[in-house]
Amino acid sequence: MALRVGMDLVSIDFVRESIREHGARYLERIYTEGELRDCRTDQGIVAERLAARFAAKEATIKVLRPVEEAIPWRTMEVVRHSAGWVAIELSGRAADLAAEAGLSDFALSISHEADYASAVVITELDLSHRRADPMRKT
């Protein structure tokens, strides 16, 4: 079994500033309705939680390895299960890229502490189903 790993680290202040500068436009472009719901409390939106989700999306992009194309942010969604653990769910172009590359069984871990949030994504890679990789040596 082959694996791919992606990880990312995000400044929580970067997310706070993006919310301050761009408001709903930023939130609706990057995060799904479910993610926004998970990141709201009675006091408002929690930037630390959003930063962890942003890091998860970036880590997922690193695993998907798109070639010269942008993946819509909302096609990658961090879902929190009732037991507390999180998963990454793909749709649209992100799901298509995963299928084309032979990627399955995505695992996600997110965390935030002090000024930063981080995420790690690990996925299984079916080498027999891989699309052509221009960087791969034959």
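Data for the structure
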| quantity | calculated |
| --- | --- |
| Kirkwood hydrodynamic radius of the range 3-124, Cα pairs, Å | 14.5 Å |
| Helical contribution to [θ] at 222 nm, DSSP H n ≥ 4, -39,500 (n - 2.57), averaged over the chain, rounded to 500 | -12000 deg cm²/dmol |
| For L9, solvent-accessible area (1.4 Å; no DNA, RNA or ligand), Å² | 110 Å² |
| The chain: most fluctuating residue of F106, F14, F54 per GNM, C-alpha cutoff 10 Å | F14 |
| Span from the the range 1-39 Cα centroid across to the the range 92-112 one, whole angstrom | 16 Å |
| The chain: most fluctuating residue of A83, A59, A99 per GNM, C-alpha cutoff 10 Å | A83 |
| Heavy atoms of S109 accessible to a 1.4 Å probe, total area in Å² rounded to 10 | 70 Å² |
| For R16, solvent-accessible area (1.4 Å; no DNA, RNA or ligand), Å² | 80 Å² |
| Taking the chain and dividing mean pair separation by its residue count, relative contact order in percent (alpha carbons under 8 Å, at least six apart) | 34 percent |
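The values are calculated or read from the model by the stated rules, or taken from the named source; none is laboratory data. Since this is a predicted model, take the numbers as computed values, not measurements. To get the accessible areas, we keep the full protein, side chains included, count just its heavy atoms, and leave off ligands, DNA and RNA. Shrake-Rupley method; radii C 1.70, N 1.55, O 1.52, S 1.80 Å.
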